[in-house]
Amino acid sequence: MYQLLRKRVAGKKGFTLIELIVVIAVIAILAVILIPRFTGFTEDARKKAALTDARNVLMALEALEAEGKFSESLTLTEIGNYLGKTITDGALSGLDE
């Protein structure tokens, strides 16, 4: 029996066309299912980052108010200076460090 299996396996040297097509079809189905889910993750991450930035600004404002440095004319640059962070083009950078 062992010799029969050995002869049968020795004659095969690669995959058949049908096997390759089935593998490609399975990969395509998985890609169709998973790609939309991954794009949803990135959108959720962007939303959570925006909420984190907003919370950081709120905390900075509350800290400035507690120190008596809060005023109605306070700018984002002043808040960034207080936090020791830079603000470029209206976006906060370095707040997650």
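Where a number appears in this text, it was derived from the coordinates with a stated rule and is not lab data. Quantities reported herein were computed from a predicted structural model and do not represent experimental measurements.
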For segment 21-36, Karplus couplings with θ = phi - 60° (6.51, -1.76, 1.60), whole Hz, Gly/Pro x: 5, 5, 5, 5, 5, 5, 4, 5, 5, 4, 5, 5, 7, 7, 4, x
Note, ³J(HN,Hα) from phi for segment 60-73, Karplus 6.51, -1.76, 1.60, rounded to Hz, x at Gly and Pro: 5, 4, 5, 5, 5, 5, 5, 7, x, 9, 7, 9, 5, 9
